[in-house]
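Q: Below are the structure tokens for one structure; questions will follow.
The values are calculated or read from the model by the stated rules, or taken from the named source; none is laboratory data. Source: prediction; values computed, not measured. As a convention, Cβ positions derive from the backbone with ideal geometry for all residues, glycine included, and neighbour counts pool all protein chains shown. Accessible surface areas use protein heavy atoms only, side chains included; no ligands, DNA or RNA. Shrake-Rupley method; radii C 1.70, N 1.55, O 1.52, S 1.80 Å.
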Amino acid sequence: MNTIMKKLNKLFAILFAVLGVTTLKAQTDVTSTYLKNPSFEYSAEGTKYSVDTKELGNGEAIYGWTGATISNNTKNIQVTKTAPNTAFGTTSASDGEYYYFIRQGWEDKTSSITQSVNLPEGRYYLSVDYKQAESHDNNSFRDSKVGLTITKGGTSLSALSTGGSVNAPGGSYFTNIDWKQIGTWFDVEEAGDVTIALTFALNGTSKRADLCLDNVKLYQWDLEDQTNYDNAARTK
């Protein structure tokens, strides 16, 4: 593939990410080949959780993923089967038994969890399921965000793909929220280590911001397979 075509295809990948193309039939599902613990079922030791909820400390890693860091104000970081505060409702995992839960209260905080993946040359699509909502006072909704970024050797391979939170003042909002999905395209032109980051901006100053993550998926195309890529990119 010549340099001009590579640059054009990368621009197409960024465009599809910005437009929010998220539902597609991929050529090859390579999640189990390259990703560790994509549904947050395993502890830092690589053993399957056996408790309903595992409380995580600030920055505490789980198998395959670095740990998130948030403030010391009212907060939770957990791998769990149900939301930790029943006053705000419960939810089931989008895949498997467990999901990653994080809550920030009375303060804004940005953070991420990351995973380093060694990938061969190819075109990829990464997606994650999420639920995100805010409980706030005095109509102070400010739309927390969850997103995806892909980097290789410090160079960005994808545009940031973001999804917003639900305006949910009080009540059992997690009971009534459906799982959503965001995704982003990226190209790996030379095999090597790629860093996947699940990012979030929790705007909890007005009361609390809550986020669930689950079911990270990775799909692969051949860089030369423009026809299948075009067909998948048009699927919405």
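Q: Among the residues of the range 28-48, count how many are open to solvent by 20 Å² or more (accessible area, probe 1.4 Å) and of a type in the set (S, T, Y).
A: 6
Q: May I pose another question? Do you know which residues across the range 144-163 are open to solvent by less than 20 Å² (accessible area, probe 1.4 Å) and not in a loop (DSSP other than H, G, I, E, B)?
A: Those that are open to solvent by less than 20 Å² (accessible area, probe 1.4 Å) and not in a loop (DSSP other than H, G, I, E, B): V146, G147, L148, I150, S161, G163.
Q: Residues to consider are D222, D129; find the one that is closer than 24 Å to E41 by Cα and either open to solvent by 30 Å² or more (accessible area, probe 1.4 Å) or of a type outside the set (G, A, S) (or both). Steps first, answer last, please.
A: Working: D222 fails: closer than 24 Å to E41 by Cα.
Result of the check over D222, D129: D129.
Q: Six or more apart or on different chains, Cβ atoms under 6 Å: show the pairs whose first residue is in the range 184-195 and within 11 Å of L148 (Cβ to Cβ) and whose second is of a type outside the set (A, V, I, L, M) and open to solvent by 60 Å² or more (accessible area, probe 1.4 Å).
A: If the second residue must be of a type outside the set (A, V, I, L, M) and open to solvent by 60 Å² or more (accessible area, probe 1.4 Å), no pairs are left.
Q: Another question, if that's okay. Suppose we keep only residues that are farther than 20 Å from G147 by Cα and charged (D, E, K, R) within the range 203-224. Which one would you say is modelled with the highest pLDDT?
A: By that ranking, first place goes to K207.
Q: On to the next question. Mind telling me which of the residues F200, F174, F141 ends up being surrounded by fewer than 21 Cβ atoms within 10 Å (Cβ to Cβ), modelled with pLDDT under 95 and hydrophobic (A, V, I, L, M, F, W, C)?
A: Working: F200 fails: surrounded by fewer than 21 Cβ atoms within 10 Å (Cβ to Cβ); F174 fails: surrounded by fewer than 21 Cβ atoms within 10 Å (Cβ to Cβ).
Matching residue, one of F200, F174, F141: F141.
Q: Run down A83, A44 and say which single residue is in contact with a strand residue (DSSP E or B) (Cβ under 7 Å, 6 or more places away or on another chain) and either within 21 Å of G183 (Cβ to Cβ) or at pLDDT 90 or above (or both). Write out each step before concluding.
A: Values: A83 fails: either within 21 Å of G183 (Cβ to Cβ) or at pLDDT 90 or above (or both).
Result of the check over A83, A44: A44.
Q: Okay, next question. Out of everything in the range 114-143 that is acidic (D, E) and part of a loop (DSSP other than H, G, I, E, B), what residue ends up being nearest to S172 (Cα to Cα)? Can you show your working first?
A: Of the residues in the range 114-143, the ones acidic (D, E) are 121, 129, 134, 137, 143.
So of that shortlist, the ones also part of a loop (DSSP other than H, G, I, E, B) come out as 121, 137, 143.
Numbers: E121: 45, D137: 15, D143: 18 Å.
Looking at the filtered set, the residue picked out is D137.
Q: Now a separate question. List the pairs whose first member sits in the range 37-62 and is touching a residue at least 60 places away in the same chain (Cβ under 8 Å) and over 18 Å from K75 (Cα atoms), whose second member is in a loop (DSSP other than H, G, I, E, B) and charged (D, E, K, R), and whose Cβ atoms are under 9 Å apart, counting only residues at least 6 apart or on separate chains?
A: What qualifies is P38/D95; S39/D95; S39/E97.
Q: Working carefully through the options T162, T199, find the one that is over 20 Å from S92 (Cβ atoms), in contact with a Lys or Arg (Cβ under 6 Å, 6 or more places away or on another chain) and not small (G, A, S). Explain how you work it out, then say what you get.
A: Working: T199 fails: in contact with a Lys or Arg (Cβ under 6 Å, 6 or more places away or on another chain).
The conditions single out T162.
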